[in-house]
Amino acid sequence: MARKNRDLLDTGIFVASVVAAVAAVCAAFFTGRQAWIARDTEERQLRAYLYIDHTSIAESEPGKFGTDLLIRSAGVTPAYKLELSATLEIGPYLLNDTKLDSFIQSATQTFDYAVIYGDKPIQQNIVRQFSPEAIKLLAGDSQRLYLHGRVAYLDIFDAVRHYDFCFVFHPKRDLQGSERGCEKYNTPR
């Protein structure tokens with residue numbers, strides 16, 4: 001009888017040990033997940049966020065269009081080592097995403113800035129001279145001017161962030177521009 005009680009006691013201790021080990025693993029997983037969530041929340045709250053604005057498009061001489069890009073800070077902390085790549089392109093309206101992606105990779109103007117923080121935006125003029133043949137494409141409704149590119153930057157977590165932007169202009173009817181046709185762009189990543 002004593003042997004039977006000892007076997008039951010040993011089995012009970014084994015089961016309790018297994019339950020304790022499973023509980024410890026679950027607690028470690030839960031604690032690790034909570035730490036990850038806290039870190040992720042901290043990073044989302046404290047990281048640098050940028051957004052891009054622009055002025056109206058203007059034609060300074062025949063076929064030469066320009067606008068000012070405004071890079072604004074919207075985050076709690078500064079953005080460092082900014083690199084702006086931007087261009088003006090004439091393309092079909094509505095431009096498909098695949099074609100615009102290749103345009104973004106081939107931006108014609110690149111600018112570097114040390115830091116942005118606070119209310120004062122970085123203002124950069126983007127200008128492009130188009131050939132008379134390209135300007136003829138804008139006469140109808142099937143072509144538009146696209147201002148697009150990317151701002152890449154670092155945040156306080158040393159993470160490389162980027163913001164792809166796209167704005168569409170019709171030089172006769174919509175000098176202010178819009179995001180129509182560029183809906184997948186103009187959001188921080």
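The values are calculated or read from the model by the stated rules, or taken from the named source; none is laboratory data. Given the structure is predicted, the values throughout are model-derived calculations rather than measurements. Because the Cβ atoms are built from the backbone with ideal geometry, glycine has one as well, and the counts that use them run over all protein chains shown.
How many residues does the range 140-170 hold that are part of a loop (DSSP other than H, G, I, E, B) and either over 23 Å from ALA48 (Cβ atoms) or outside the structural domain of GLY63 (by TED's automatic domain parsing) (or both)?
Total satisfying the criteria: 3.
I'd like the full set of residues that are polar (S, T, N, Q), in a strand (DSSP E or B) and more than 25 Å from ALA74 (Cα to Cα), limited to the range 105-139.
Our first condition is that a residue be polar (S, T, N, Q); within the range 105-139, this holds for 105-106, 108-110, 123-125, 129, 131.
Pick out the ones that are also in a strand (DSSP E or B) and you get 109-110, 123-125, 129.
Correct list: GLN129 only.
Considering the range 173-189 alone, what residues qualify as being closer than 26 Å to ASP155 by Cα and among the hydrophobic types (A, V, I, L, M, F, W, C)? Before the answer, list the steps.
Pass one, the range 173-189, residues closer than 26 Å to ASP155 by Cα: 182-189.
Passing the criteria: only CYS182.
Please determine, by comparing only the residues of the range 60-69 that are in a strand (DSSP E or B) and surrounded by 15 or more Cβ atoms within 10 Å (Cβ to Cβ), which one is farthest from the chain's Cα centre (by Cα).
The qualifying residue farthest from the chain's Cα centre (by Cα) is PHE65.
Which pairs have Cβ atoms under 9 Å, sit 6 or more apart or on different chains, and link a residue in the range 127-155 that is more than 22 Å from ASN186 (Cα to Cα) and in contact (Cβ under 8 Å) with a residue 60 or more places away in the chain to one that is loosely packed, with under 12 Cβ neighbours inside 10 Å and not hydroxyl-bearing (Ser, Thr, Tyr)?
Note: pairs meeting the criteria are GLN129/GLU61; PRO132/PRO62; ILE135/PRO62.
Would you point out the residue of the range 84-139, among those that are out of contact with any His (no Cβ under 9 Å at 6 or more places or on another chain), of a type in the set (Asp, Glu) and modelled with pLDDT of 85 or more, that is surrounded by the fewest Cβ atoms within 10 Å (Cβ to Cβ)?
Once the filter is applied, the top-ranked residue is ASP119.
Would you please name the residue that is modelled with the lowest pLDDT, looking only at residues in the range 38-58 that are surrounded by 15 or more Cβ atoms within 10 Å (Cβ to Cβ) and within 30 Å of SER131 (Cβ to Cβ)?
From the range 38-58, those surrounded by 15 or more Cβ atoms within 10 Å (Cβ to Cβ) are 47-52, 54-55, 57; that's our starting set.
Subset that is within 30 Å of SER131 (Cβ to Cβ): 52, 54-55, 57.
Details: ILE52: 90, HIS54: 93, THR55: 94, ILE57: 93.
Looking at the filtered set, the residue picked out is ILE52.
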